[in-house]
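Remarks on the structure that follows.
What follows draws every value from the coordinates through simple rules; no lab data is involved. Because the structure is predicted, anything quoted here is derived from the model rather than measured. Cβ: placed from backbone, ideal geometry, glycine included. Neighbour counts: every protein chain shown.
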Amino acid sequence: MKYLVILGDGMADEPLDELEGKTPLEYAHTPSMDRIAREGSMGMVQTIPDGYEPGSDIANLSVLGYDPQLYYTGRGPLEAMSMGISLGENDIAYRCNLVCIRDGIMEDFSAGHISSGEGARLLASLQGKVKGAEFHPGISYRNLLVVSNGKGSVTVPPHDIVGQPVLPYLPQDGDAPLLLSCMEQSRIEFPDHPVNRERNAAGKVPATEVWPWSGGKKPALPDFSKKFGRSGGMISAVDLLNGIARCAGMEVIRVPGATGYLDTDYQAKARYALLALEHLDFVYVHVEAPDEAGHLGSITEKVRAIEKVDEMIGTIMKEFAGTIAVLPDHPTPVRLKTHTRDPVPFAVLGKGTDDATSFSEKEGRKGRFGLIRATELLPLVFR
Ligand SMILES: [Zn+2]
């Protein structure tokens, strides 16, 4: 028996006036997803457990069967994965915000949503200045600090202490001496840095220092094949997903033309999935495009991305006769342009039928599987 999970990132949405009160999933022409729903069964899945941010990291980790309560080691290490940075056994990765602290008060946790280019230039001024600390520029204020032979440290997210004195929230244990040196070094390098001179002159919020938080080691995920008794592969253009898969001992299948964006080669993904299923029991195909359309707030692009995902599934279903499940990881409503934590619909073909007639949020809520937790999905698919 062979198994396939198709995950359309951020596909779930809300009813929209522009689509005659339908959601993008309801409005889009999706004969293949509808067939999975009609000939299979549906349900709803809570992909984001209480207490976690609704992100692709937590959601996909959960859908792959790894309970974040057991395996989530911090935002830093998952972001390292998503940036394609491989962590050694003794490395600790911290999220490293660029922040604005003035008169000892946390003014801005994002340094005025500083640009990625400016952030990279500031971080470059710290590189090599603190032994054992390596800085990796990311997107905007969201950078990364990797500490070799780190111990970890209790830290506070800077967005939780905006407007408050920072002194009581400085790290005190574990890596604290090193983290404090990094912060101090940034207070030396940053004030007169050209980036900040330009920002001050333009009336923008300066980045006065770095604020490392949520550090952790690479998650120790049990081997996928041992956990489920089946060999698994990952098809995704996104570093985060490939990073999780590598940690789980899954085969990472690179697809030429997969971009992680709206222009990705959906048909190539279908072909590579079919090819991989010749030697693997299970393949997880992740498509980022619907999420990107959601972040853009574009209804047209979201509908188009969903239809392309459906065509991809159509190609696969022409040749694939195993169990197939389709779902989003979380909603990315175009109206909000960001993720929400609401449960999402899923459909499974090959595990009995119910009354579902098409793949949608509404039909999922009526499905016979009811509301399940994300970690229950793969056991259900493999049952
Ligand atoms: Zn996502």
Kindly provide the set of residues from the stretch 153-210 that are part of a helix (DSSP H, G or I), small (Gly, Ala, Ser) and exposed (fewer than 15 other Cβ atoms within 10 Å of the Cβ), ordered by number.
ALA201
Restrict the check to the stretch 307-315 and report whether at least one residue is part of a helix (DSSP H, G or I), within 14 Å of the ligand (Cβ to nearest atom) and either surrounded by 24 or more Cβ atoms within 10 Å (Cβ to Cβ) or touching a residue at least 40 places away in the same chain (Cβ under 8 Å) (or both).
yes
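Provide a single number: the residues in the stretch 73-102 that are part of a loop (DSSP other than H, G, I, E, B) and over 19 Å from GLY174 (Cα atoms). Spell out how you get there, then give the answer.
Kept after step one, since they are part of a loop (DSSP other than H, G, I, E, B), are these residues of the stretch 73-102: 73-74, 83-91.
From what is left, the residues that are over 19 Å from GLY174 (Cα atoms) are 83-86.
Final tally of qualifying residues: 4.
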Please go through the stretch 363-383 and give me each residue that is exposed (fewer than 13 other Cβ atoms within 10 Å of the Cβ) and touching a Leu at 6+ places or on another chain (Cβ under 8 Å), ordered by number.
none
Report yes if GLU134 is out of contact with any Lys or Arg (no Cβ under 8 Å at 6 or more places or on another chain) and among the acidic types (Asp, Glu), otherwise no.
yes
Among GLY249, GLY216, GLY243, the single one that is touching a residue at least 12 places away in the same chain (Cβ under 8 Å) and buried (at least 23 other Cβ atoms within 10 Å of the Cβ) is GLY243
When you go through GLY233, GLY257 one by one, which is the residue that is small (Gly, Ala, Ser) and crowded, with 20+ Cβ neighbours inside 10 Å?
GLY233
Single match in VAL309, VAL326 (criterion: within 19 Å of ILE48 (Cα to Cα) and in contact with a strand residue (DSSP E or B) (Cβ under 9 Å, 6 or more places away or on another chain))
VAL326
Flagged pairs (Cβ under 6 angstrom, 6 or more apart or on separate chains; first in the stretch 20-37, touching a residue at least 24 places away in the same chain (Cβ under 8 Å); second of a type in the set (Ser, Thr, Tyr) and surrounded by fewer than 24 Cβ atoms within 10 Å (Cβ to Cβ)) are ASP34/SER358; ALA37/SER358
In the stretch 335-363, which residue that is within 16 Å of the ligand (Cβ to nearest atom) and in a loop (DSSP other than H, G, I, E, B) is nearest to LEU4 (Cα to Cα)?
PRO343
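Do you know which residues across the stretch 339-362 are polar (S, T, N, Q), over 17 Å from VAL63 (Cβ atoms) and crowded, with 16+ Cβ neighbours inside 10 Å?
Listed by number, the residues that qualify are SER358, SER360.
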Looking only at the stretch 292-301, decide whether some residue is in a loop (DSSP other than H, G, I, E, B) and among the polar types (S, T, N, Q).
yes
Taking the stretch 291-306 on its own, how many of its residues are of a type in the set (Val, Ile, Thr) and within 16 Å of the ligand (Cβ to nearest atom)?
1
Output the number of the condition that THR332 fails; it satisfies all remaining conditions of (1) within 16 Å of the ligand (Cβ to nearest atom); (2) not in a loop (DSSP other than H, G, I, E, B); (3) not aliphatic (A, V, I, L, M).
(2)
